[in-house]
1. Quote the charge dipole size of segment 165-216 about the Cα centre in Debye, to the nearest 20; the model charges only the Cβ of Lys and Arg (+1) and of Asp and Glu (-1).
2. Per-residue counts of other Cβ atoms within 10 Å, averaged by peptide: what ranking do you get for 187-198, 225-236, 172-183, highest first?
3. Considering amide H positions built from the backbone, and no H for Pro or chain starts, which residues 5 or more places from Tyr201, or on another chain, come under 5 Å of its amide H?
4. With both partners inside the chain, how many of the DSSP beta bridges are antiparallel, as a percent to the nearest 5?
5. Indicate the gyration tensor shape class of segment 241-321 (rounded, prolate or oblate), computed on the Cα atoms with a ≥ b ≥ c the square roots of the eigenvalues: a/c under 1.5 is rounded; otherwise a/b larger than b/c is prolate and the rest oblate.
6. Among [x] 5, 22, 31, 26, 13, 3, 0; [y] 5, 25, 36, 26, 7, 1, 0; [z] 5, 24, 33, 24, 10, 3, 1, 0, find the value of P(r) over Cα pairs in 10 Å bins from 0, in percent that was calculated from the structure presented, and write down its label.
7. Grab the DSSP H runs of the chain that are 4 residues or longer, score each as -39,500 (n - 2.57), total them, divide by all residues and round the 222 nm result to the nearest 500 deg cm²/dmol.
8. Tell me, what HN-Hα J-couplings in whole Hz come from the Karplus equation 6.51 cos²θ - 1.76 cosθ + 1.60 at θ = phi - 60° for each residue of segment 308-315, using x for Gly and Pro?
Amino acid sequence: MEKLLFFLLLLVSTGSFAQKTKIKTKGPAALAVAQDRRWSAEKANAWYKEHRWMTGANFTPSTAINQLEMWQADTFDPTTIDRELGWAESIGFNTMRVFLHSLAWQQDPQGFKQRVNTYLGLADKHHIQTILVFFDDCWNKEAKIGLQPAPKPGIHNSGWLQDPGEPTSRDSVAFVKLKPYVQDVLRHFAHDKRILLWDLYNEPGNSGKLTSSLPLVRNVFSWAREVNPEQPLSIGLWNWDFEALNRYQALHSDVITYHCYDEAPLHQRIIELLTTHGRPLICTEYMARPRNSRFVNILPLLKKYNVGAINWGLVDGKTNTKYQWDVPIADGGEPTEWFHEVFRRDGTPYHQDEADLIKKLNSK
């Protein structure tokens, strides 16, 4: 906690020097593009007040093991998406965080955008806005287009994919080729009210990458600022040891997003410290029952502080995230207590009292 406090005080003390987002461009537009495009705190707070309290989940349909299985044409499953978002709507969830993948775009840019548009239409039907995520440093480092593997029994997120993965995420010559992907998607949906926020990079530095991910973090912010979408930009804080990454992420995000799977006292302390930025807060990952990060103790806390609340997992499915990190169950049997997820595959809540609490807190 001392390290966290020192780091956050450093952010506050240096914030006045970090308002400029310099973007390297060529040609006569360079001066215009290089202007400060990070939202002011006033603009960010005004944006936040326009929305109801944000609650929801990180969403992958139960029929997809990873981002590619969700977005590739052969396995895109709007029927399941529609049904499961309906379950989310039934308990008052109004926000989903959804991961994209660059390989799905590279394979079929137009089809990919059409499928994203279809998803957004289904979410909007259920009165749900979406946070879209571009890059990710978590789990399997090699991704391949085509048929995705079956889940490994009892293993949390056994088929989840990094994006862009190794070695591209560490190689600036290679990852600069991702700029057309990011900017094409941003331009296509830059004015789409169904998109709440662009989460440019999930947990940079994870999987042992550490600060090697910082160049891509810098670049994806730059690419996004060139497009300058109507929606805010953010990259979430998640590991307080990563001082260089955290500083850059916090001081270039329009809205402060973060992850916390800890129990209530520490989570509250993090909220109190992050509030010093004077910007809206959205917790884009929480809720791990065996760690005592539960709906019953965390969701009321987030509502009390008006912090957006996006838990990990909606429906038990191929991601296997009802199983705990690094605690496999070899035969794929039922864990003593689910790690994540709200609903069983038939749409019944894992715990009815949790669903009742979520619905109650989401009521006006």
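1. 160
2. Averaged packing, sorted descending, gives the order 225-236, 187-198, 172-183.
3. For Tyr201, whose amide H was placed from the backbone, the distant partners under 5 Å are Phe134, Phe135, Gly236.
4. DSSP beta bridges in the chain are roughly 10 percent antiparallel.
5. Cα axes put segment 241-321 in the prolate bin.
6. Step by step, P(r) over Cα pairs in 10 Å bins from 0, in percent for this structure corresponds to label [y].
7. -11000 deg cm²/dmol, from helical runs alone.
8. x, 10, 10, 7, 7, x, 10, 10
Throughout, read-outs are computed from the coordinates displayed, never taken from laboratory work. Note that the structure is a prediction, hence the values are computed from the model and not measured. Virtual Cβ from ideal backbone geometry, glycine too; neighbours counted across all protein chains shown.
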